[in-house]
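Chemist: Quick one: structure below, then a few questions.
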Amino acid sequence: MILATPVGVILDLLPQLKPMVQGIALITDVGSTKRLICRKGAEVFDRATLFLGGHPLAGRERSGLESADAALFRNARYVLTPLSPDHLADERVKAFVELLKAVGAQPFLTDPSSHDRAVAFLSHLPQLLSTGLASLIAEQGAEDFLPSELAASGFRDMTRLAESPYNVWRDICLTNIENIQAALESLIEKLEGMKAHLSDRELEREFKQALKLREKLRKISCTSFPAHDENRPALGKIEMGAGDCPGPGERIAGSGRVVARMVSNPREQIAGLALQGVHTGAASQRYRYHRPR
């Protein structure tokens, strides 16, 4: 069973699921923070019903089924945060890992605390930077003459993440506040340093250092999987389209209460996933995806 909802909803759902789960089920999630979710999972479920923290770094900022992409997980890291190292030997976890590989994802193992610190810098900080920049220009544009027509591809690329919904990011910020604050303080210190060196060659060092990181990320993304990999297993009738190497890691999060069920018997053949939508209030079922942060 896969919980694909905002982080706060996942935390609410976990204790509600305990009386509903029967047999040797595997419960996992796609939440963007892991420490509190894994702690709750450990409190609620025992070994009979196994909980496995998960975070697929895949998606886009567009929402709706019309934006679905069969190649969404190709080359994408899928972070797994098991509650115990020995859980990796469990047949249910092995079956889930094979499912991830079948859709082109690359499992990446870490612990919940390390995950949350890393994504604070690599995912959450870029989101807040994009949102802050877009908000700043919206305010300045109203006060000063800043015609939107002069916003070219650079500004549009930098502010693409500003389309992300607050209802998803509210829970992310609340459940990773210390790490995000540390990331913001580091960025502010970096910007202050660049501000102080606008007129000297020290600024060149920042550009060179940034370029090296971009080159490293490009190599990581293009060597993960070849664009054409006939040996990679397929899941059902999903067709993996060919194209340029995507960006390094992406993210997915749900804006509705969505539950995906998978077979719990590891000896059964995994035929696919059946998505079951659960309405939240009067909101209609929707799916929200996010690109790299």
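Chemist: Going by how many other beta carbons lie within 10 Å of each one, how would you line up C173, C38, fewest first? Intermediate results must be reported in sequence, preceding the final value.
Modeler: On the way: C173 17, C38 23.
Ordered from fewest to most neighbouring Cβ atoms within 10 Å, C173, C38 come out as C173, C38.
Chemist: Suppose R0 equals 22 Å; then what is the FRET efficiency for S153 and L213 from their Cβ-Cβ distance, rounded to the nearest 0.05? Can you show the working numbers first?
Modeler: On the way: r = 20 Å, r/R0 = 0.93.
Between S153 and L213 the formula returns 0.60.
Chemist: Would you calculate the volume per residue, in Å³, of the smallest convex hull containing every Cα atom of segment 14-158?
Modeler: Numbers: hull volume 23.1 nm³, N = 145.
It is 159 Å³ per residue.
All of the numbers you see were taken from the coordinates with simple rules; none came from a lab. Predicted, not measured: the structure shown is a model, and the values here were computed from it. Virtual Cβ from ideal backbone geometry, glycine too; neighbours counted across all protein chains shown.
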